[in-house]
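Contents: one structure, followed by commentary.
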Amino acid sequence: MKYSKITTGRFINRANRFIATVEIDGIPTTVHVKNTGRCRELLVPGATVYLAVSDNPARKTKYDLIAVDKNGLLINMDSQIPNDVAAEWLPGSGLFPPTAIIRREVTCGKSRFDFMIRDGEKTCYLEVKGVTLEDNGIARFPDAPTERGAKHLRELTSLVEQGFSACVLFVIQMKTIRELHPNDAMDPAFGAALREAAAAGVMIRAVDCLVTPESLVADCEVKVVL
């Protein structure tokens with residue numbers, strides 16, 4: 001997954017979930033933040049950030065903040081991109097047979113899932129979660145309470161009980177990660193739902209990414225510790 005044009009800036013502050021002020025070429029500039037999570041450990045004053053440049057003249061902001069340098073660790077924090085990364089990675093991941101048909105944004109009952117993977121009569125529904133929180137080489141999810149995330153896990157668990165396969169894939173938007181853990185200190189309900197899903201037969205997988213300011217590519221599977 002590649003961005004077409006990137007520039008560098010220095011983070012100043014964040015007005016709300018959607019916009020921030022970044023110094024670009026010495027000028028304080030309002031930019032769009034492509035992650036509505038807290039990201040408090042990432043967006044600190046003075047941090048080097050990377051911004052995708054938009055060519056759309058109708059936009060209110062010309063720049064999207066998509067990555068940050070955290071003490072030498074480059075982290076992509078674009079919450080809209082993990083599904084694209086997963087779409088590129090899944091066909092050759094080995095998680096499913098090479099003959100499997102992979103479709104995005106598929107509805108089952110009243111729920112909509114990121115992916116449906118079908119191989120003959122076997123059907124698997126898969127949800128993707130982007131991970132940006134790092135703690136001494138451990139990736140943690142979520143970085144803020146997420147009722148929606150726990151709901152997704154319960155829906156996947158229900159699918160397994162109905163005879164389908166189900167999977168949650170954590171796309172870790174950085175390298176040098178040893179393990180992924182549920183962030184129980186932040187959201188114990190999500191951690192409990194994840195463990196219940198795993199016990200019910202939902203596959204829990206995580207993959208890290210090679211990150212540059214211009215790109216994000218899934219690389220290696222990472223151990224998930226529940």
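The values are calculated or read from the model by the stated rules, or taken from the named source; none is laboratory data. As the structure is a computational prediction, the values presented were derived from the model and not from experiment. Neighbour counts run over all protein chains shown; Cβ positions are idealised from the backbone, glycine included. Accessible surface areas use protein heavy atoms only, side chains included; no ligands, DNA or RNA. Shrake-Rupley method; radii C 1.70, N 1.55, O 1.52, S 1.80 Å.
What to note about this one:
- The set of residues in segment 170-199 that are out of contact with any strand residue (DSSP E or B) (no Cβ under 7 Å at 6 or more places or on another chain), within 18 Å of Cys39 (Cβ to Cβ) and not aliphatic (A, V, I, L, M) contains only Asp187.
Residue-by-condition table, conditions (1) open to solvent by less than 60 Å² (accessible area, probe 1.4 Å); (2) closer than 23 Å to Lys34 by Cβ; (3) at pLDDT below 95; (4) not β-branched (Val, Ile, Thr):
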{"residue": "Arg112", "(1), (2), (3), (4)": "no, yes, yes, yes"}
{"residue": "Val131", "(1), (2), (3), (4)": "yes, yes, no, no"}
{"residue": "Phe141", "(1), (2), (3), (4)": "yes, yes, no, yes"}
{"residue": "Thr157", "(1), (2), (3), (4)": "yes, no, no, no"}
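- Qualifying residue in segment 52-68 (condition: within 20 Å of Leu133 (Cβ to Cβ), open to solvent by 60 Å² or more (accessible area, probe 1.4 Å) and under 20 Å from the mean Cα position of the chain (by Cα)): no
- Of the strands (runs of 3 or more DSSP E) lying entirely inside segment 95-214, not one carries at least 2 residues that are small (Gly, Ala, Ser) and in contact with a Phe, Trp or Tyr (Cβ under 7 Å, 6 or more places away or on another chain).
- Single condition Ala20 does not satisfy, out of (1) open to solvent by less than 40 Å² (accessible area, probe 1.4 Å); (2) more than 26 Å from Phe141 (Cβ to Cβ); (3) of a type in the set (A, V, I, L, M): (2)
- Top-ranked residue in segment 182-207 [being under 15 Å from the mean Cα position of the chain (by Cα) and in contact (Cβ under 8 Å) with a residue 60 or more places away in the chain; ranked as farthest from Leu159 (Cα to Cα)]: Val207
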